[in-house]
């Protein structure tokens with residue numbers, strides 16, 4: 001008969017160096033009392049096996065002892081850090097859900113502004129310059145001096161709509177006002193979701209309930225995860241330089257291609273972003289189809305939009321918008337979080 005070697009842990013504890021128990025670091029970390037329980041374990045072993053058993057369990061004992069000491073010294077810190085992180089994630093998630101709900105209501109009450117909201121998001125991001133790492137999706141288009149430029153003609157109504165939505169959002173935000181940079185890009189997301197849903201309803205003969213079920217089953221909600229994580233864009237405090245965004249309605253395909261290449265995109269991304277390039281998507285795609293590099297992608301997405309799932313079109317569009325809406329940004333992943341008031345349990349009356 002033998003005894004589980006865990007029963008020898010207390011006598012062996014002094015053999016393991018534990019600096020935190022003998023130095024000033026004991027003031028920095030809490031100590032914990034650890035009770036070790038052991039049970040007898042019956043085995044049949046030869047002398048050689050018994051020797052092997054003891055050596056093995058000595059190593060296990062040392063590992064367990066060190067592990068318990070590490071847990072005792074750092075467990076509270078890890079616990080607090082994890083709890084704080086979870087709280088911030090929940091705060092951001094709840095706030096983002098409220099933002100989306102507010103934008104959804106605003107967007108669906110002004111469907112005539114859907115194309116302008118897409119172009120607003122595109123033009124705000126298209127000011128990005130790779131050489132200087134300046135510009136991008138930073139809310140600069142909100143400044144009147146930039147909004148009044150020829151390439152932004154007709155976008156003021158869309159911005160006015162978002163400014164009204166911003167007032168409502170800021171009124172219930174506990175973590176500070178939402179940035180224009182976030183607001184503009186999430187409005188574009190809302191437009192796309194609304195467009196995808198409308199397409200699903202059309203494919204169901206106009207039946208709204210069936211269309212919603214179709215979009216839930218085959219739609220793109222699951223593809224928005226990375227986009228939603230990019231929540232925390234910072235606003236610039238001045239307009240971006242002029243001359244970085246073309247007038248899409250007056251541009252030929254080569255000029256459009258050159259601009260997309262300048263920010264790291266190609267014909268594929270140009271084709272999938274056709275709805276962002278003006279109020280008439282069909283006319284824009286007809287123009288893009290005249291270019292041999294862009295035409296295959298235009299045709300691909302046109303075919304995809306007529307399928308039940310629209311997978312190719314929706315996935316590529318979401319991926320492109322996610323990359324576009326992050327240009328020039330360092331996302332603050334703690335944005336819109338706020339301290340939680342602690343409850344003094346000693347004052348609770350039972």
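When you go through 235, 240 one by one, which is the residue that is touching a residue at least 12 places away in the same chain (Cβ under 8 Å), crowded, with 18+ Cβ neighbours inside 10 Å and assigned to a loop (DSSP other than H, G, I, E, B)?
Every option except 240 fails the conditions.
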Original post:
Out of all the residues in region 128-138, which are in contact (Cβ under 8 Å) with a residue 60 or more places away in the chain and either touching a strand residue (DSSP E or B) at 6+ places or on another chain (Cβ under 8 Å) or surrounded by fewer than 20 Cβ atoms within 10 Å (Cβ to Cβ) (or both)?
Top reply: 128, 129, 130, 133, 134, 135
Original post:
Cβ-Cβ below 9 Å, separation at least six or inter-chain, first residue in region 271-285 and in the same structural domain as residue 121 (by TED's automatic domain parsing), second not in a helix (DSSP H, G or I): which pairs?
Top reply: 271/289; 271/294; 273/265; 277/251; 279/154; 284/277; 284/278
Original post:
When region 194-231 is examined, which residues are found to be surrounded by 19 or more Cβ atoms within 10 Å (Cβ to Cβ) and over 20 Å from residue 312 (Cα atoms)?
Top reply: 231
**OP:** Test residue 223 against the stated conditions and say whether it is closer than 20 Å to residue 195 by Cα and touching a helix residue (DSSP H, G or I) at 6+ places or on another chain (Cβ under 8 Å).
**Re:** yes
**OP:** Could you tell me whether region 100-109 includes any residue that is surrounded by 22 or more Cβ atoms within 10 Å (Cβ to Cβ), within 17 Å of the chain's Cα centre (by Cα) and either at pLDDT below 95 or assigned to a helix (DSSP H, G or I) (or both)?
**Re:** no
Subject >> Test for residue 340: is it part of a loop (DSSP other than H, G, I, E, B) and loosely packed, with under 15 Cβ neighbours inside 10 Å >> reply: yes
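The values are calculated or read from the model by the stated rules, or taken from the named source; none is laboratory data. Keep in mind the model is a prediction, meaning the values are calculated, not measured. Because the Cβ atoms are built from the backbone with ideal geometry, glycine has one as well, and the counts that use them run over all protein chains shown.
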